[in-house]
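A short worksheet on the structure shown next.
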Amino acid sequence: MGLIDNLKWRYATKKFDATKKISSEDLKEIKTAIQLSASSYGLQLYKVLIIEDNGLREQLRLVSYGQKQITEAAYLVVFCNYTTVTEADIDAYFTLKSQMEGTDISALQGYSDFIKADVMNRSDIERDKWTSNQTYIALGNLLNACAELKIDACPMEGFEVDKYNEILNLKEQGLNASVIAAIGYRSEEDYTQYKKKVRKSIERLFA
Ligand SMILES: Cc1cc2nc3c(=O)[nH]c(=O)nc-3n(C[C@H](O)[C@H](O)[C@H](O)COP(=O)(O)O)c2cc1C
């Protein structure tokens with residue numbers, strides 16, 4: 001199946017088959033798709049938690065408007081954006097870049113200073129939005145990778161961010177739960193899979 005067929009196949013799964021697990025090979029491929037996501041300046045200012053523990057997911061479901069996907073899916077993926085960005089984060093990126101590309105780090109100094117100025121000049125709110133935006137690109141890649149692997153997914157914003165931050169101790173780590181996705185296999189009983197896709201026409205969507 002090509003990209004468009006995969007996109008037609010996927011849907012935001014409401015009911016997962018809790019007995020079906022994702023193979024380690026498929027999970028690795030999903031992780032790699034997330035790893036390869038584009039990000040602003042390539043900084044990847046987020047961390048991704050992949051949660052399987054049932055007790056923990058039950059706690060999270062209670063602060064996700066009771067959405068059953070949280071516990072019935074094989075995994076819950078929590079995309080966490082950095083709440084603070086330091087010069088050390090940018091230095092770490094340039095150290096990695098110079099190692100991977102085999103370039104002298106001093107040759108990258110000007111670019112590094114430019115990025116530091118850009119990032120540090122943003123207000124806390126702007127920076128938080130900016131790092132959170134990056135997680136949605138990773139979420140998009142997760143959805144596409146899952147569709148290619150015929151794994152079902154439900155992207156979700158319906159959760160209490162502060163409660164997630166508390167339960168997962170994210171604040172202490174300089175992280176914030178930005179967006180989540182449940183991944184696994186659809187239940188035959190999920191009626192939403194039989195519904196038609198609702199999308200604006202190409203004519204209305206594009207000017
Ligand atoms: C960022 C985002 C947040 C969403 N939050 C939820 C959610 O909390 N619960 C849910 O059941 N679906 C959620 N959805 C799924 C959308 O409702 C769904 O993608 C949309 O209706 C289009 O349907 P389709 O994905 O099945 O084609 C979310 C989707 C996105 C992209």
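The values are calculated or read from the model by the stated rules, or taken from the named source; none is laboratory data. Not measured: the values here are computed from a predicted model. Neighbour counts run over all protein chains shown; Cβ positions are idealised from the backbone, glycine included. In case anyone asks, the SASA skips ligands and DNA or RNA and just uses the protein heavy atoms, side chains included. Shrake-Rupley method; radii C 1.70, N 1.55, O 1.52, S 1.80 Å.
Values for this structure:
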quantity	calculated
R186 surrounded by 12 or more Cβ atoms within 10 Å (Cβ to Cβ) and of a type outside the set (A, V, I, L, M, F, W, C)	yes
Residues of region 152-188 satisfying the condition of being acidic (D, E) and out of contact with any Lys or Arg (no Cβ under 6 Å at 6 or more places or on another chain)	E157, E160, D162, E166, E172, E188
Odd one out for E189, checked against (1) part of a loop (DSSP other than H, G, I, E, B); (2) within 10 Å of the ligand (Cβ to nearest atom)	(2)
Of the criteria (1) away from the ligand (no atom under 15 Å from the Cβ); (2) in a loop (DSSP other than H, G, I, E, B); (3) closer than 23 Å to F16 by Cα, which one N169 fails	(3)
The lone exception for K196 - which of (1) more than 28 Å from S23 (Cα to Cα); (2) assigned to a helix (DSSP H, G or I) it fails	(2)
Residue count, region 54-73 (criterion: open to solvent by 90 Å² or more (accessible area, probe 1.4 Å) and either within 12 Å of A181 (Cα to Cα) or outside any helix (DSSP H, G or I) (or both))	2
Filter result (on the phi < 0 side of the Ramachandran plot, polar (S, T, N, Q) and loosely packed, with under 15 Cβ neighbours inside 10 Å) within region 138-176	Q173
Count of residues meeting criterion [in a loop (DSSP other than H, G, I, E, B), β-branched (V, I, T) and more than 27 Å from T192 (Cα to Cα)] in region 1-53	0
Qualifying residue in region 191-207 (condition: of a type outside the set (S, T, Y) and open to solvent by less than 30 Å² (accessible area, probe 1.4 Å))	no
Those residues of region 8-24 which are open to solvent by less than 60 Å² (accessible area, probe 1.4 Å) and within 13 Å of the ligand (Cβ to nearest atom), in sequence order	R10, Y11, A12, T13, F16
When residues of region 96-126 are limited to those that are of a type in the set (S, T, N, Q), in a helix (DSSP H, G or I) and open to solvent by 60 Å² or more (accessible area, probe 1.4 Å), the one farthest from A38 (Cα to Cα)	S106
Single match in K129, K163 (criterion: over 20 Å from L45 (Cα atoms), in a helix (DSSP H, G or I) and over 14 Å from the mean Cα position of the chain (by Cα))	K163
Residue satisfying condition, being in contact with a Phe, Trp or Tyr (Cβ under 8 Å, 6 or more places away or on another chain) and not hydrophobic (A, V, I, L, M, F, W, C), within set S123, S106, S112	S112
Subset of region 30-49 [surrounded by 15 or more Cβ atoms within 10 Å (Cβ to Cβ) and either closer than 25 Å to K68 by Cα or of a type in the set (A, V, I, L, M) (or both)]	I30, K31, A33, I34, L43, L45, K47, V48, L49
Neighbours by Cβ (under 6 Å, 6+ apart or cross-chain): first from region 169-194, in contact (Cβ under 8 Å) with a residue 12 or more places away in the chain; second small (G, A, S) and surrounded by fewer than 23 Cβ atoms within 10 Å (Cβ to Cβ)	S178/S132; G184/A74
